[in-house]
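Some notes on the structure that comes next.
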Amino acid sequence: MELMGTSLIGYGRGGVDGAPVRVKDPATGESLEPVYRVATPEEIDRAVALADRAAGLYRREPAVRRVALLRAIADGIEANRDEIVGRAMRETALTEARLVGELGRTTGQLRLFARVVEEGHWVDARIDHADPERKPVPKPDVRSMLEPLGTVVVFSSSNFPLAFSVAGGDTASALAAGCPVIVKAHQGHLGTSELVGLVVQEAAQRLGFAEGVFSLLFGSGRELGMALVKDPRVKAVGFTGSRSGGRALMDAAAARPVPIPVYAEMGSVNPVFVLPGAVAARGEVIAERLHGSVTLGVGQFCTNPGLVFVPEGQAGDRLVARLGELMAATPAGVMLTEDICRAYREGVETVAKLPGVRLVARGPREGAGLRGGTALFETDAASFLANRALGEEVFGPATLVVRCAGLEAMLESARVLEGQLTASVHGEADDWAGATELVDVLKSKVGRLVFNGLPTGVEVCEAMHHGGPYPATSDGISTSVGTRAIRRFARPVCYQDAPEPLLPEELRENNPRGLVRLVDGVIRLG
Ligand code: NAP
């Protein structure tokens, strides 16, 4: 595939009038070809107009057609795997193994949503039959199901150049729900975005979908991104990135004359609690697993464990010492972008200066490119409780251990935590009876509770919930991973006494798709 550096608008291309942008190789600082062109206001308008027109046609496409589109995109990505992975390696400095795995996750997600659409149960079809004899008033026939919202704008993430980017989870779930998608590419991996965008564009055109079902635009968040979010023809937004970016989009969407939902996943510190029995039995093993999780992908994961609560005493000391040893021996990895690397280095410097904080270990920082050296800090529960800045995310391979005199100190610390994507608890059989209250507090703070494990490595499956109360996400209810993600881009529509030919087939009396439906309060299987 030839990279041209222009936006993909429907089945065409943007022009070369927009300002030039280049991607740099974060490992060498070298500027990569080609020059990218920022989408002009006219091009943005064209993409939105095409999507708006396509929305009405795409929502009426039968499920089998959406299934075919999702599978064709997955096949196309696999057919171009080497080219996509090669470009992504240059743009992100992530390893080949990581990117090959992520590409598999991306195609797996597309196929998972294809299956969800094929089965069709996600529409949550409900039928309450009429009862004309009911007294004192007759009961109407009432039916409802989830239906697509309309055009969705997706902001790609920097840290998953495939799985949360152009054809990632947000795009897959929006297309599956029946919504056209406009992707605002992340400026850290424009070439990878263009390659994947070409695959999506080709699949949609070859299968004869309405032009505008997909567009990919290049430009900045503050201009292109904001223009899209404020456009009245856009109906929802998916986002993965910083709290400041997510919050700006939430505020802009809420200030529109007609506000729209913004599903922003903004990361968290993912606290880990090591209970007394666990630290005594296997503190050093936990240290080794923590080290693997904190440094995975140079710490650039929203599920990176940034806070670890460890009991005071010798067993806890051994855990901290082992973790420090490992962190100090870990070479500095190359980070994704200049902004992320700068924010990480500043974050580490800031934490080091906070009162009550001790630097336990710093890894080497030398090496070419945007290097982020590891950092391990320690503090006590009183200092943690006194200074909320200690609970803030430092995006990269750093973590803060909070030493706690007992379970009560862990509990108090848990109570002041902000909303989180995850929390993890390490315990032995004897620990669990005393952990009920801690688990109860954590339940109210997080989307996913992990027992005797680490939060990195989010399984893509039906039951996964990758969300959490604000500020981990914008709405605290939805998930961006797992099949429930499709519900973000649909809303219930209710039909009262509708003539049969006007009902969607999912709600017709003879159930032509054989769906599981709730009929008169009873679940009916097919
Ligand atoms: P980011 O700065 O939030 O950028 C993500 C996307 O949002 C980009 O397309 C960006 O546009 C846009 N954007 C950012 N601020 C905006 C604003 N005020 N108005 C409109 N659009 C805006 O995230 P990043 O580049 O991936 O990394 C920066 C930091 O985000 C990291 O240091 C880390 O703290 C956090 N992060 C979190 C996660 C997570 O999983 N939740 C993932 C990655 C990063 P531009 O093209 O203008 O940059």
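The values are calculated or read from the model by the stated rules, or taken from the named source; none is laboratory data. Please read these numbers as outputs of a predicted model, since none were measured by experiment. Heads up, the Cβs are rebuilt from the backbone with ideal geometry, glycines too, and the neighbour counts pull from every protein chain shown.
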Of all residues making up the stretch 317-376, the number that are touching a residue at least 60 places away in the same chain (Cβ under 8 Å) and out of contact with any Gly (no Cβ under 7 Å at 6 or more places or on another chain): 6
Considering only the stretch 119-178, state which residues are among the small types (Gly, Ala, Ser) and in contact with a Cys (Cβ under 8 Å, 6 or more places away or on another chain). Ser144, Gly150
Is there a residue in the stretch 389-401 that is under 19 Å from Lys353 (Cβ atoms), in contact with a helix residue (DSSP H, G or I) (Cβ under 7 Å, 6 or more places away or on another chain), assigned to a helix (DSSP H, G or I) and not assigned by TED's automatic domain parsing to the domain that holds Ser242? yes
Go through the residues of the stretch 240-258 one by one and say whether even a single one is more than 16 Å from the ligand (Cβ to nearest atom) and outside the structural domain of Phe377 (by TED's automatic domain parsing). yes
Of all residues in the stretch 187-216 being within 21 Å of Phe489 (Cβ to Cβ) and touching a strand residue (DSSP E or B) at 6+ places or on another chain (Cβ under 6 Å), the one that is nearest to the ligand (Cβ to nearest atom): Leu216
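Given the options Pro331, Pro355, Pro397, name the one that is away from the ligand (no atom under 16 Å from the Cβ) and closer than 28 Å to Asp25 by Cβ. Step through it out loud before you land on a result.
On the way: Pro355 fails: closer than 28 Å to Asp25 by Cβ; Pro397 fails: away from the ligand (no atom under 16 Å from the Cβ).
Result: Pro331 is the single residue among Pro331, Pro355, Pro397 that is away from the ligand (no atom under 16 Å from the Cβ) and closer than 28 Å to Asp25 by Cβ.
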Output for the stretch 453-463, where each listed residue is surrounded by 18 or more Cβ atoms within 10 Å (Cβ to Cβ) and touching a helix residue (DSSP H, G or I) at 6+ places or on another chain (Cβ under 8 Å): Leu454, Pro455, Thr456
Taking Trp432 as meeting all but one of (1) closer than 20 Å to Val348 by Cβ; (2) part of a helix (DSSP H, G or I), write down the number of the exception. (1)
Could you please find all residues in the stretch 66-98 being of a type outside the set (D, E, K, R), touching a Leu at 6+ places or on another chain (Cβ under 7 Å) and part of a helix (DSSP H, G or I)? Ala68, Leu69, Leu70, Ala72, Ile73, Ala74, Ile77, Ile84, Val85, Ala88, Met89, Thr92
Could you look through the stretch 334-349, keep only residues that are touching a Lys or Arg at 6+ places or on another chain (Cβ under 9 Å) and not in a helix (DSSP H, G or I), and pick out the one that is nearest to the ligand (Cβ to nearest atom)? Thr337
